[in-house]
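The values are calculated or read from the model by the stated rules, or taken from the named source; none is laboratory data. Computed from a predicted structure; not experimentally measured. Note: ideal-geometry Cβ built from the backbone for every residue, glycine included; neighbour counts use all protein chains shown. Note: areas computed on protein heavy atoms with side chains; ligands, DNA, RNA excluded. Shrake-Rupley method; radii C 1.70, N 1.55, O 1.52, S 1.80 Å.
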Amino acid sequence: VHGEKDGSLCIVGGDDNGHRTTDCTLDGGLTWKVETSTVATGGNFPVGAFDEAGNLYLGSDAGQAITVARRDAHGAWLPPVNVSGPGTHKMPWMAAGRDGAAVIAWYGANASMPDQWMLHVAISRDQQIIYQRLPFRFGPA
């Protein structure tokens, strides 16, 4: 994950007692710091993005659910938020923009329709990580 504003770089993927870690540099790789996030490990697709203010967002598909957490520009991690709800959810992808704006997309099947795989999108427009879910169905209705 590359931070456009200050040139920071974080590599997502480690594990610290069940929480995803990131290796981050703020000086072009001269020094690195390992950070433990509030996002659970597991799943195959840890993702992340920086917004314009330097907040880092991490997403995970651990435990059949999509969760997102935010680290503010000062390094404090907020609790993760489940954005997918019940069902089977996999393969997230994430992007962020202005301060507090982030989006995560993934493939998933809701518990009420386990055979209907759809593209899901969750959008945050504020600092609180309040996501609005928007499912998209492919194929015949």
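How much space per residue, in cubic angstrom, does the convex hull of the C-alpha atoms of segment 26-73 take up?
On the way: hull volume 4.3 nm³, N = 48.
Hull volume over Cα atoms, normalised by residue count, gives 90 Å³.
Using the heavy atoms of the protein chains alone and a 1.4 angstrom probe, what is the accessible area of segment 33-114 per residue in square angstrom?
Working: 3450 Å² over 82 residues.
Solvent-accessible surface per residue comes out at 42 Å².
Residue separation times 0.36 nm, minus the C-alpha to C-alpha distance between residue 36 and residue 91: what's the value?
Details: separation 55, 0.36 × 55 = 19.80 nm, distance 2.17 nm.
Between residue 36 and residue 91, full extension yields 17.6 nm more.
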Item to complete: Taking H placed 1.01 Å from N in the peptide plane, check which residues at least 5 places from residue 84 or on another chain put their amide H under 5 Å from its amide H.
Response: 66
Worksheet item: Between residue 25 and residue 76, what is the label-to-label distance in nm when each label sits 7 Å out along the Cα-to-Cβ direction?
Response: 2.9
